[in-house]
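These notes concern the structure reproduced below.
The values are calculated or read from the model by the stated rules, or taken from the named source; none is laboratory data. Since the model is a prediction, treat every value here as computed from it, not as a measurement. Positions of Cβ are backbone-derived with ideal geometry, glycine not excepted, and every protein chain shown enters the neighbour counts. Side chains are part of the model used for accessible areas, which takes the heavy atoms of the whole protein and leaves out ligands, DNA and RNA. Shrake-Rupley method; radii C 1.70, N 1.55, O 1.52, S 1.80 Å.
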Amino acid sequence: MTSFTVNGRDVDLDLDPDTPLLWALRDELRLTGTKFGCGVAQCGACTVMVDGMPRRSCVTPISMVEGGEVTTIEGMEGPEVKAVQAAWEAIDVPQCGWCQSGQVMSATALLQMVPNPTDEDINNAMAGNVCRCATYVRIRQAIHDAAKTLEG
């Protein structure tokens, strides 16, 4: 039995400890906002927060989150995520939408750690998030816009 908290709710899962967190979230807990993209932690679609830090859930065994706090896109709260989501919508960042939950999770984590990021900060933080629709310029602009919203 593996026990941890997801979006503020205590869960106990009777799964193989090597089960990827992604599949526990999607298949067992029915939290489908976190997406499968590549399965090797290279695209970022599966990004969740584990104890407040972004982590690729496709390569994170549930044994690694024992006793921890996992937050999925469904459980994100706070001014940073609200600012990111508003900026995303304002400049039409989403296209197909597949990468968006991972992109929003990573952008929110960046703004929580670096309230006024430079282009270099954004590029570094978002480097592991692939957008197959190539909206990278809009993603960067949306993060800058969200930071401005949070400032004022």
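Can you give the relative contact order of the stretch 1-79 as a percent, counting alpha carbon pairs under 8 Å and 6+ residues apart?
38
Please list 96-104, 7-15 highest first by mean number of surrounding beta-carbon atoms within 10 Å per residue.
96-104, 7-15
Using only the C-alpha atoms of the chain, find the volume of their convex hull and express it per residue in Å³.
That works out to 95 Å³ per residue.
What accessible area per residue, rounded to a whole number of Å², is obtained for the chain using a probe radius of 1.4 Å?
With all protein chains present, the chain gives 50 Å² per residue.
Where the accessible area of the stretch 48-152 is counted over protein heavy atoms with a 1.4 Å probe, how much of it, in %, is carbon and sulfur?
51
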